[in-house]
Amino acid sequence: MSGIERTEARRATTIAAMSPEAKQEANTLGLSDNQNALLQIARAKGAVAQVQKARELAEKNPSRKQTAEQEFAALNKVWQRCRPSVRQQFLTDVIKITRTKKQVATTRLRKRACR
């Protein structure tokens with residue numbers, strides 16, 4: 001075996017050891033064909049750190065960012081896997097946040113109108 005083959009084998013082993021969550025995130029973000037990015041992701045310690053690294057790398061290279069359609073498809077895929085109770089909790093939280101933002105915006109508009 002030559003040095004190049006050993007290096008390639010080590011890289012492949014490192015990438016293969018990546019957490020399933022990081023692999024999915026790298027694929028979703030369009031990084032699955034970038035060996036350098038995959039190595040950087042795989043070297044991060046733990047699944048959460050690996051997913052974060054994938055997001056950081058995607059942010060650094062805007063051409064690799066996912067399209068809105070890809071983001072929506074990924075979100076929908078996760079949504080479909082969630083239990084109804086989790087979906088309801090998510091909707092409740094999002095609606096609460098949206099209402100709070102609306103209340104803040106309405107309050108600001110009222111204050112401006114009163115000036």
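The values are calculated or read from the model by the stated rules, or taken from the named source; none is laboratory data. Keep in mind it's a predicted model, so treat the numbers as computed, not measured. Neighbour counts run over all protein chains shown; Cβ positions are idealised from the backbone, glycine included.
How about segment 19-55: which of its residues are loosely packed, with under 13 Cβ neighbours inside 10 Å, among the charged types (D, E, K, R) and either at pLDDT 90 or above or under 11 Å from the mean Cα position of the chain (by Cα) (or both)?
K45
Take A42 and decide whether it is farther than 22 Å from K77 by Cβ and out of contact with any helix residue (DSSP H, G or I) (no Cβ under 8 Å at 6 or more places or on another chain).
When the stated conditions are applied, A42 does not pass them.
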